[in-house]
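Asks: The structure follows.
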């Protein structure tokens with residue numbers, strides 16, 4: 001277990017909409033855990049999708065978190081300023097023969113899957129890529145990114161052979177269970193945690209970069225966490241399965257593995273997950289209605 005004085009937590013929102021109660025719960029939990037152990041809290045702006053990121057949403061993140069009473073270290077890391085770091089990670093994987101260029105569109109993959117009942121899907125529900133471009137002549141990651149028009153995929157079979165069996169991560173606190181439809185006391189650290197078997201193969205040949213996004217969330221997050229010295233990743237249970245893929249990338253890139261803690265989700269009145277995509281009520285709207293930071297804490301069970 002990382003010593004208390006060296007523990008580093010982070011909250012990493014995307015500036016593609018306003019924060020809601022689900023974000024508040026995750027941010028507050030990171031803040032509380034860092035404070036309880038005398039650790040550090042970082043704020044990272046995950047604006048790697050530059051098409052959807054907006055300056056007004058980023059400004060609102062700072063405003064909302066300050067209103068909640070949170071403080072964080074400066075300067076804030078912004079992913080849009082780190083593309084060089086991600087490119088170096090991709091080139092390293094490429095030098096290991098683990099990346100190939102893919103010209104297939106999402107619609108192509110969906111059409112193939114639709115024609116074959118029972119086609120396997122990844123944990124997010126998307127049909128697994130059939131490997132159509134895996135056997136085509138190789139192009140280097142630098143060539144592919146320079147020319148655009150294609151995606152870079154991880155050859156999962158080769159990657160899995162390199163890492164071997166027995167890949168795990170350490171989960172601190174109870175494993176994800178029921179959703180947080182009712183407020184409940186947050187889980188606290190239980191010491192060393194427990195190992196959880198990783199199964200990155202369930203993601204198939206995942207995309208690590210596209211022509212319009214020089215690095216995927218998966219490659220960016222493991223690079224950022226390593227470079228920022230993050231020791232404790234506290235995030236929603238909706239990212240539980242993604243941790244298998246992140247552990248694979250960490251092993252391949254010789255990056256340290258933080259402890260993970262996947263908390264339950266705050267649900268709306270219909271029992272649905274809060275999300276920007278469905279226009280869940282924003283914190284700024286609740287503030288305008290007269291909510292206080294204490295009201296938010298009570299609502300999310302803190």
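Read the figures in this text as sums done on the coordinates, not as results from a lab. Remember, it's a predicted structure, so these values are computed and weren't measured experimentally. Cβ placement follows ideal geometry from the backbone for every residue including glycine, while neighbour counts extend to all protein chains displayed.
Asks: How many nm is it between the label spots at residue 59 and residue 104, if each spot is 7 Å from the Cα in line with the beta carbon?
Replies: With each label placed 7 Å out from Cα toward Cβ, I get 4.4 nm.
Asks: If you take the beta carbon distance between residue 292 and residue 16 as r and set R0 to 22 Å, what does 1/(1 + (r/R0)^6) give as a FRET efficiency, to the nearest 0.05?
Replies: Rounded to the nearest 0.05, the efficiency is 0.25.
Asks: Report the calculated FRET efficiency for residue 67 and residue 170 (r = Cβ-Cβ distance, R0 = 30 Å), to the nearest 0.05.
Replies: 0.35
Asks: Additional query: State, as an integer percentage, the relative contact order of the chain based on alpha-carbon contacts under 8 Å between residues 6 or more apart.
Replies: The value is 25 percent.
Asks: Another one. Is the shape of the stretch 1-132 best called rounded, prolate or oblate, per the rule: a/c under 1.5 gives rounded, else a/b larger than b/c gives prolate, else oblate, with a ≥ b ≥ c the square roots of the Cα gyration tensor eigenvalues?
Replies: The shape class here is prolate.
Asks: Roughly how tilted is helix 55-67, in degrees to the nearest 10 and between 0 and 90, from the longest Cα axis of the chain?
Replies: In the chain, helix 55-67 runs at an angle near 40 degrees to the longest axis.
Asks: Can you tell me which of 114-120, 88-94, 22-28, 200-206 comes out highest on packing, and rank the rest after it, using the mean Cβ neighbours within 10 Å?
Replies: Top of the packing list down: 22-28, 200-206, 88-94, 114-120.
Asks: Follow-up question, since we're still on this one. Treat the count of other C-beta atoms within 10 Å as a stand-in for reagent exposure and order 61, 109 from fewest to most.
Replies: Fewest-to-most Cβ neighbours within 10 Å comes out as 109, 61.
Asks: Give me the extension gain from residue 50 to residue 78: residue separation times 0.36 nm, minus the current Cα-Cα distance, reported in nm with one decimal.
Replies: Between residue 50 and residue 78, full extension yields an extra 9.0 nm.
Asks: A follow-up question, please. Classify the stretch 91-138: rounded, prolate or oblate, from the alpha-carbon gyration tensor (a ≥ b ≥ c, eigenvalue square roots; a/c under 1.5 rounded; otherwise prolate if a/b is larger than b/c)?
Replies: prolate
Asks: Give me 213, 243 sorted ascending by neighbouring Cβ count inside 10 Å, so fewest comes first.
Replies: Result, fewest neighbours first: 213, 243.
Asks: If you don't mind, there's one more thing I want to ask. Considering the values (i) 23.1; (ii) 20.5; (iii) 19.9, which represents Kirkwood radius over Cα pairs in Å as calculated for the structure under consideration?
Replies: After the calculation, the listed value that fits is (ii).
Asks: So what is the calculated 222 nm ellipticity per residue for the chain, using -39500 (n - 2.57) for each DSSP H run with n of 4 or more, over all residues, to the nearest 500 deg cm²/dmol?
Replies: Helix contribution divided over all residues of the chain: -10000 deg cm²/dmol.
Asks: Say each of residue 268 and residue 35 gets a label point 7 Å from the Cα, pointing the same way as Cα to Cβ; how far apart are those two points in nm?
Replies: So the label points at residue 268 and residue 35 sit 3.0 nm apart.
Asks: Which percent, nearest 5, of DSSP beta bridges in the chain are antiparallel?
Replies: Bridges in the chain that DSSP calls antiparallel: roughly 50 percent.
Asks: Order these by the 10 Å Cβ neighbour count, fewest first: 96, 156.
Replies: Least crowded to most crowded, the residues run 96, 156.
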